[in-house]
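Here is the structure we will look at.
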Amino acid sequence: MNVKDAPYGAKGDGTTDDTAALQKAIDVVGGTGGTVSVPAGTYRVNALASLLLRSGMTLSLDSGAVLAAIPNGADNYTILRVSGVSNVNILGGTLLGERSAHTGTTGEQGMGLRITGGAQHIAVVGVTARECWGDGFTVTDASDVTLCHVTADHNRRQGLSITGGNGVIVRDSRFVNTGGTLPEDGLDIEPNSGQTVNNVLITGCVFTNNAGDGIEVGVPIAYSGLAFIYSVVIDGNTMSGNGVSSLSSGPRSGLEASNTGGHVVKNNTVQSNVGYGIYLRNGVAGTTVTRNTVTSNGRNGILEYLSSGNSITDNTLSSNGVPP
């Protein structure tokens with residue numbers, strides 16, 4: 001089903017508010033196993049209402065299709081929302097935030113794609129999310145979620161946040177140029193009180209030029225015993241050039257883990273980050289760090305701080321700095 005066809009009549013002209021037309025097509029196809037096709041063009045979306053995907057459908061965007069948030073001043077918005085549904089595919093295109101035209105000054109929850117509310121069996125392939133007031137992509141309390149060949153570019157808070165869920169795969173993707181409000185990470189796994197993140201694989205991805213960490217995995221100290229992260233595998237990624245112009249008072253690194261454990265960090269290339277290469281701090285335990293190449297970082301290549309019971313073996317370290 002083409003969104004430009006009658007009776008939907010989306011324009012994609014960069015001027016018309018296409019929210020209602022797009023939502024009508026989604027509502028008709030939802031539950032049928034069919035596909036909503038979005039041709040090349042710029043489709044303006046009211047992100048305060050969001051486009052709400054339905055179960056049992058595919059949203060397929062042409063490589064030249066852009067879902068562009070209409071400028072607003074809200075603390076919280078979402079261009080594309082996947083909430084409480086299952087068996088959804090999102091393919092291609094760009095989710096374009098409005099950070100340069102945002103009329104407010106507060107908040108950090110302006111999202112490109114939000115997967116939440118118990119959603120399950122969700123695949124996101126070849127999608128770009130950029131210029132969002134908050135995160136490009138967010139996964140909260142969802143299961144069996146795969147993001148493959150996605151790009152998060154110049155979003156304000158995070159490229160991708162994972163705050164709750166079970167079975168999340170992030171593969172062959174790019175998270176770049178995040179910055180503007182803390183934490184400014186390429187990818188942040190950070191559950192809130194009452195949330196659990198379990199069984200995450202991050203592989204074949206690039207994290208570069210983020211003002212925060214390339215990857216951050218941690219439970220805030222205030223949520224100790226109330227929020228949990230289990231079984232994160234970070235394998236075969238590149239983290240480089242992160243921590244430049246950070247708003248943080250502390251150093252930002254290629255990979256930082258805190259107040260958690262039982263994870264695997266292997267076969268990664270971690271180079272030329274402003275802070276540490278790999279930083280395990282404040283209660284990290286039971287984590288394996290092996291066969292990583294860690295070079296030319298501003299501080300220690302690998303630092304274990306107030307942490308113990310980790311296995312750090314067979315890593316290649318060279319030309320790293322030391323703390324001032």
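The values are calculated or read from the model by the stated rules, or taken from the named source; none is laboratory data. Nothing here was measured: the structure is a model prediction, and the numbers come from that model. Here the Cβ is made from the backbone with ideal geometry for all residues, glycine too, and neighbour counts use every protein chain on show. Heads up: the accessible areas ignore ligands, DNA and RNA and are worked out on the full protein's heavy atoms, side chains in. Shrake-Rupley method; radii C 1.70, N 1.55, O 1.52, S 1.80 Å.
Per-atom-type breakdown for the range 1-152 gives carbon and sulfur 48% of the accessible area (1.4 Å probe, protein chains only).
Cα centroid distance between the range 174-248 and the range 76-100, in Å? Taking the Cα centre of each part, the range 174-248 and the range 76-100 sit 20 Å apart. Gaussian network model of the chain, Cα springs within a sub-10 Å range: biggest mean-square fluctuation belongs to which of Thr42, Thr103, Thr203? With Cα springs under 10 Å in the chain, the top fluctuation among Thr42, Thr103, Thr203 is at Thr103.
Taking Cα atoms only, the orientation of helix 19-29 departs from the longest principal axis of the chain by about 90 degrees. Surface analysis of the chain yields an accessible area of 36 Å² per residue, using protein heavy atoms and a 1.4 Å probe. Here's the picture: charge each Lys and Arg Cβ at +1 and each Asp and Glu Cβ at -1 in the chain, and of Gly212, Ser296, Pro251 the one pushed furthest to the positive end of that dipole is Ser296. In the range 160-298, the portion of solvent-accessible area held by carbon and sulfur atoms comes to 48 percent [1.4 Å probe, whole percent, DNA, RNA and ligands not counted]. Please compute the net charge surrounding Gly243, taking Lys and Arg as +1 and Asp and Glu as -1 over other residues with Cβ under 12 Å from its Cβ. Neighbourhood net charge equals -3.
Considering only Leu61, Leu160, Val45, the residue lying farthest towards the positive end of the dipole of the chain is Leu61, judged by Cα position with unit charges set on Cβ. Calculated mean residue ellipticity at 222 nm for the chain: -1000 deg cm²/dmol, from DSSP H runs with n ≥ 4 weighted as -39500 (n - 2.57), summed, divided by the residue count and rounded to 500. From the alpha carbon centroid of the range 251-291 to that of the range 24-59 is 39 Å. Listed options for P(r) over Cα pairs in 10 Å bins from 0, in percent are [x] 6, 27, 34, 23, 9, 1, 0; [y] 7, 28, 34, 20, 9, 2, 0; [z] 6, 26, 30, 20, 12, 5, 1. The value calculated from this structure is the one marked [y].
Set the Förster distance to 41 Å, then compute FRET efficiency between Thr32 and Thr105 from the Cβ-Cβ distance, nearest 0.05. Calculated transfer efficiency: 0.45.
If only the Cβ of Lys and Arg carry +1 and only the Cβ of Asp and Glu carry -1, the dipole of the chain around its Cα centre is close to 140 debye.
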